[in-house]
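Participant: Before I ask anything, here is the structure I am working with.
The values are calculated or read from the model by the stated rules, or taken from the named source; none is laboratory data. Here the structure is a predicted model, which is why all the values come from computation and not from measurement. No Cβ is skipped: glycine too gets one built from the backbone with ideal geometry, and neighbour counts run over all protein chains shown.
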Protein chains: 2
Amino acid sequence: MAHIELKEALDTLKDTGVRITPQRHAILEYLINSMSHPTADDIYKALEGKFPNMSVATVYNNLRVFREVGLVKELTYGDASSRFDFVTTHHYHVICEQCGKIVDFHYPGLDEVEHLASHVTGFKISHHRMEIYGTCPDCASKEAH
Amino acid sequence: MAHIELKEALDTLKDTGVRITPQRHAILEYLINSMSHPTADDIYKALEGKFPNMSVATVYNNLRVFREVGLVKELTYGDASSRFDFVTTHHYHVICEQCGKIVDFHYPGLDEVEHLASHVTGFKISHHRMEIYGTCPDCASKEAH
DNA sequence: TACACTATTTATAAAGATTATAAAATAAGA
DNA sequence: TCTTATTTTATAATCTTTATAAATAGTGTA
């Protein structure tokens, strides 16, 4: 199914008139297969072997292109660099404050919150984001030692 | 009441053994009176007149101190720099995607989400963050022109 | 009030992430 | 295959934030 997702993503690019380069192919593939939520630098390092001459700028440029097309979501947490997530179904993230691990968490969209916010503030709401913070089981058991 | 908040904040600092310097006083005062959610640079620029020799590092250092003491919350959105918010009661933020305006939005904490997340992932949840995005009335009316 | 001690500020530089630029390379359609 | 506009590369610049060390200034004590 990762296979199908990649194909669909490439089709999306084609439909939008975005050229499919080997670098773009590899970045998408990495994002889809990666169960983590990599930073631009993670991706750069991971593809160094396959593309020894690739520039960091290429990674950033393409992540921006993917974001604009809607294939990828950019996550900005407290730490230094953004993380990138291939867009599949709607889900939230649970983040470990000790080790930084990010786990997907499926939950119905909080439509009610958006409605109330719209009513109270007069904004036309487009979307929201939410993250949940805590300690993952691994770190919790280490703490207890 | 901004007056009272400032006094309480200063008391908090005193209790924690953090020295009250003119710069700290001014930064706190600015944060409390500011209805916006300023960046470190906003604060720096705003206090330039009063403290011509103040260093940017001072602003950053003190914002970190305030955050550690719990007086201030750091907000990291998509844009380049963090924003800082004087902590009062629990509330969320509604953010205009056109002009960047941030409006406070009071809503009961989403305890249920935290519970479910804890149950599903095994994390020990400490807190969550949520932001709501949309278009503010001003920008919406400009769009319609 | 003056002193001493330590925290804080300043000035500066360094680090890290991201973006801009221009020349070279290349994907995709004719 | 050929052409052209897009993309990549290499590099430098920008911006935010942190580190460092010397100078300064709060705060408790005599």
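Participant: Considering (1) surrounded by 14 or more Cβ atoms within 10 Å (Cβ to Cβ); (2) under 14 Å from B:GLU114 (Cα atoms), say which one A:PRO108 fails and leave the rest.
Facilitator: Going through (1) surrounded by 14 or more Cβ atoms within 10 Å (Cβ to Cβ); (2) under 14 Å from B:GLU114 (Cα atoms) one by one, A:PRO108 breaks only (1).
Participant: Right, another one. Taking A:THR88 and the conditions (1) within 12 Å of another protein chain (Cβ to nearest Cβ); (2) among the hydroxyl-bearing types (Ser, Thr, Tyr); (3) touching a residue at least 60 places away in the same chain (Cβ under 8 Å), which numbered condition does it fall short on, given that it satisfies the others?
Facilitator: Here A:THR88 clears every test but (1).
Participant: Among the residues of region A:57-71, is any within 9 Å of another protein chain (Cβ to nearest Cβ) and surrounded by fewer than 17 Cβ atoms within 10 Å (Cβ to Cβ)? So that I can check it myself, show each step before the final result.
Facilitator: Applying the first criterion (within 9 Å of another protein chain (Cβ to nearest Cβ)) to region A:57-71 yields none.
Scanning region A:57-71 turns up no residue that is within 9 Å of another protein chain (Cβ to nearest Cβ) and surrounded by fewer than 17 Cβ atoms within 10 Å (Cβ to Cβ).
Participant: Here's a follow-up. (1) more than 25 Å from A:SER82 (Cα to Cα); (2) surrounded by 17 or more Cβ atoms within 10 Å (Cβ to Cβ): which one isn't true of B:GLU131, the others all being true?
Facilitator: (1)
Participant: Can you tell me which residues in region B:38-86 are of a type in the set (Asp, Glu) and over 29 Å from A:GLU74 (Cα atoms)?
Facilitator: Pass one, region B:38-86, residues of a type in the set (Asp, Glu): B:41-42, B:48, B:68, B:74, B:79, B:85.
Matches in region B:38-86: B:GLU48 only.
Participant: Just to check your reading of the model, which residue among B:GLY78, B:GLY134, B:GLY49 is more than 30 Å from A:LYS142 (Cα to Cα), within 11 Å of chain A (Cβ to nearest Cβ) and within 16 Å of DNA strand C (Cβ to nearest atom)? Before you say what the answer is, go through the steps one by one.
Facilitator: Values: B:GLY134 fails: within 16 Å of DNA strand C (Cβ to nearest atom); B:GLY49 fails: within 11 Å of chain A (Cβ to nearest Cβ).
Checking each option against the conditions leaves just B:GLY78.
Participant: Could I ask something else about it? Quick one: is B:LYS14 without any contact (Cβ under 8 Å) to a residue 12 or more places away in the chain, among the basic types (Lys, Arg), surrounded by fewer than 14 Cβ atoms within 10 Å (Cβ to Cβ) and on the phi < 0 side of the Ramachandran plot? If you could, list the steps in order and put the result at the bottom.
Facilitator: On the way: without any contact (Cβ under 8 Å) to a residue 12 or more places away in the chain: yes; among the basic types (Lys, Arg): yes; surrounded by fewer than 14 Cβ atoms within 10 Å (Cβ to Cβ): yes; on the phi < 0 side of the Ramachandran plot: yes.
Yes, satisfied.
Participant: Name the single residue, out of those in region A:1-21 being touching a helix residue (DSSP H, G or I) at 6+ places or on another chain (Cβ under 8 Å) and part of a helix (DSSP H, G or I), that is modelled with the lowest pLDDT.
Facilitator: Looking at the filtered set, the residue picked out is A:ALA2.
Participant: I want to confirm something. Restricting to region B:114-125 and keeping residues that are at pLDDT below 90 and at the interface with chain A (Cβ under 8 Å from one of its Cβ atoms), which single residue is nearest to A:THR121 (Cα to Cα)?
Facilitator: The extreme case among them is B:LEU116.
Participant: Could you list all residues from region B:17-48 that are surrounded by fewer than 17 Cβ atoms within 10 Å (Cβ to Cβ), acidic (Asp, Glu) and within 12 Å of DNA strand D (Cβ to nearest atom)?
Facilitator: B:ASP41
Participant: Six or more apart or on different chains, Cβ atoms under 6 Å: show the pairs whose first residue is in region A:122-144 and more than 13 Å from A:CYS96 (Cα to Cα) and whose second is of a type in the set (Ser, Thr, Tyr) and outside any strand (DSSP E or B).
Facilitator: A:ILE125/A:SER118
Participant: Quick check on my filter: what residues within region A:62-88 are farther than 19 Å from A:HIS3 by Cβ, among the β-branched types (Val, Ile, Thr) and modelled with pLDDT of 90 or more?
Facilitator: Passing the criteria: only A:VAL65.
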